[in-house]
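S.K.: Here you go, one structure.
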Amino acid sequence: MAILKIARMGHPVLSRVADPVEDPTAPEIRALVEDMVETMVDAPGTGLAAPQVHVPLRIVVFLVRPERTTGIEGDVPTDLTVLINPVLEPLGDERNEGFEGCLSVPGLTGAVPRFTRLRYRGVGLDGETIDRTVAGFHARVVQHECDHLDGILYPQRMPDLTKLGFVEEIRRRMEK
Ligand code: NI
């Protein structure tokens with residue numbers, strides 16, 4: 001187990017399309033995921049994608065703590081989820097705006113519109129199928145992490161960059 005170095009915005013590994021994992025059950029994939037989880041917990045963060053640790057493979061890890069959920073139907077908490085080769089399917093056109101941060105964009109936060117409802121599928125470390133229909137914060141986390149696999153960082157999803165700023169400044173603005 002090891003804490004890995006996190007790539008920051010501007011590094012080319014964050015802007016390329018990551019490759020599919022051929023064998024999700026391979027020992028080296030399990031070892032990478034263990035390191036990703038350790039890195040995410042240490043940071044701390046709620047999610048991490050393999051390109052963020054300089055590995056261009058289609059793997060994300062995340063968790064949704066109960067206190068982060070929005071209360072809308074389908075916004076369910078989840079313990080640590082390892083999602084390999086994920087496929088996302090937005091359900092409906094409804095989007096909602098929420099502030100996001102990213103370990104690859106340290107110190108900043110920004111308001112990002114995301115699909116409210118989402119079905120996601122993928123494979124776990126034991127080769128098992130993961131197939132969930134979620135909403136709200138849970139759906140937001142999955143969209144953010146999976147964007148990393150296509151070389152997209154959250155500021156690229158922002159229609160209004162006046163809502164991008166340093167965490168302390170945005171917090172101060174929102175308290176007013
Ligand atoms: Ni991120």
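S.K.: In whole Hz and in residue order, list the ³J(HN,Hα) couplings for the stretch 137-151 that follow from phi through the Karplus curve 6.51 cos²θ - 1.76 cosθ + 1.60, θ = phi - 60°; x for Gly and Pro.
M.R.: Values per residue, Gly and Pro as x: 4, 4, 5, 5, 4, 5, 5, 4, 5, 6, 4, 4, 6, 10, x Hz.
S.K.: Could you tell me the center-to-center distance, by alpha carbons, between the stretch 3-79 and the stretch 101-176 in angstrom?
M.R.: Spelled out, the Cα-based centre of one part sits 12 Å from the other.
S.K.: For the stretch 38-176, which whole-number percentage of the solvent-accessible area (1.4 Å probe, protein heavy atoms only) is attributable to carbon and sulfur atoms?
M.R.: Carbon-and-sulfur percentage of accessible area, whole number: 51.
S.K.: Let me check against my output: what whole-number percent is the relative contact order of the stretch 1-154, with C-alpha pairs under 8 Å and at least 6 apart?
M.R.: Relative contact order here is 28 percent.
S.K.: Just by accessible area at a 1.4 angstrom probe, what is the order of PHE99, PHE62, PHE166, PHE115 from largest to smallest?
M.R.: Listed by decreasing accessible area, they come as PHE166, PHE99, PHE115, PHE62.
S.K.: When a/c is below 1.5 the answer is rounded, else prolate if a/b is larger than b/c, else oblate, so apply that to the stretch 71-129 with a ≥ b ≥ c taken from the square roots of the Cα gyration tensor eigenvalues.
M.R.: It comes out oblate by the Cα gyration axes.
S.K.: Next question, about the same structure. Report the charge-dipole magnitude of the chain in Debye, nearest 20, computed about the Cα centre from +1 at each Lys and Arg Cβ and -1 at each Asp and Glu Cβ.
M.R.: Dipole magnitude for the chain comes out near 680 debye.
S.K.: Another question about this same structure. Using a 1.4 Å probe, what is the accessible area per residue for the stretch 1-132, in Å²?
M.R.: Each residue of the stretch 1-132 exposes 52 Å² on average to a 1.4 Å probe.
S.K.: Given points 7 Å out from each Cα along the Cα-Cβ axis, report the ASP42 to ARG157 separation in nanometres with one decimal.
M.R.: So the label points at ASP42 and ARG157 sit 2.6 nm apart.
S.K.: Provide the FRET efficiency to the nearest 0.05 for the ARG95-ARG8 pair, computing r from the beta carbons and using R0 = 30 Å.
M.R.: 0.65
S.K.: Across all directions of projection, what mean area in square nanometres is found for the Cα convex hull of the stretch 5-51?
M.R.: Seen from a random direction, the Cα hull of the stretch 5-51 projects 3.7 nm² on average.
S.K.: Report the one residue of LEU32, LEU164, LEU83 whose Cα lies farthest in the direction of the positive end of the charge dipole of the stretch 25-176 (charges on C-beta: Lys and Arg +1, Asp and Glu -1; origin at the Cα centre).
M.R.: Checked the options; the winner is LEU164.
S.K.: Need the full-extension length gain, ARG173 to ARG30, defined as separation in residues times 0.36 nm minus the C-alpha distance. One decimal, nm.
M.R.: 47.3 nm
S.K.: Once the Cα gyration tensor of the chain is found, what semi-axes does its equivalent ellipsoid get, as square roots of 5 times the eigenvalues, in whole Å, sorted largest first?
M.R.: For the chain, the ellipsoid semi-axes come out as 25, 19, 15 Å.
S.K.: Moving on. Can you tell me the dipole magnitude for the stretch 1-74 around its Cα centre, using point charges on the Cβ only (Lys, Arg +1; Asp, Glu -1), in Debye to the nearest 20?
M.R.: In total the dipole reaches around 320 debye.
S.K.: With +1 on each Lys and Arg Cβ and -1 on each Asp and Glu Cβ, how big is the dipole of the stretch 71-170 about its Cα centre, in debye rounded to the nearest 20?
M.R.: Its charge dipole is roughly 160 debye.
The values are calculated or read from the model by the stated rules, or taken from the named source; none is laboratory data. Owing to the predicted nature of the structure, the values given are computational and were not obtained by experimental measurement. No Cβ is skipped: glycine too gets one built from the backbone with ideal geometry, and neighbour counts run over all protein chains shown. All accessible areas refer to the heavy atoms of the entire protein, side chains included, with ligands and DNA or RNA removed. Shrake-Rupley method; radii C 1.70, N 1.55, O 1.52, S 1.80 Å.
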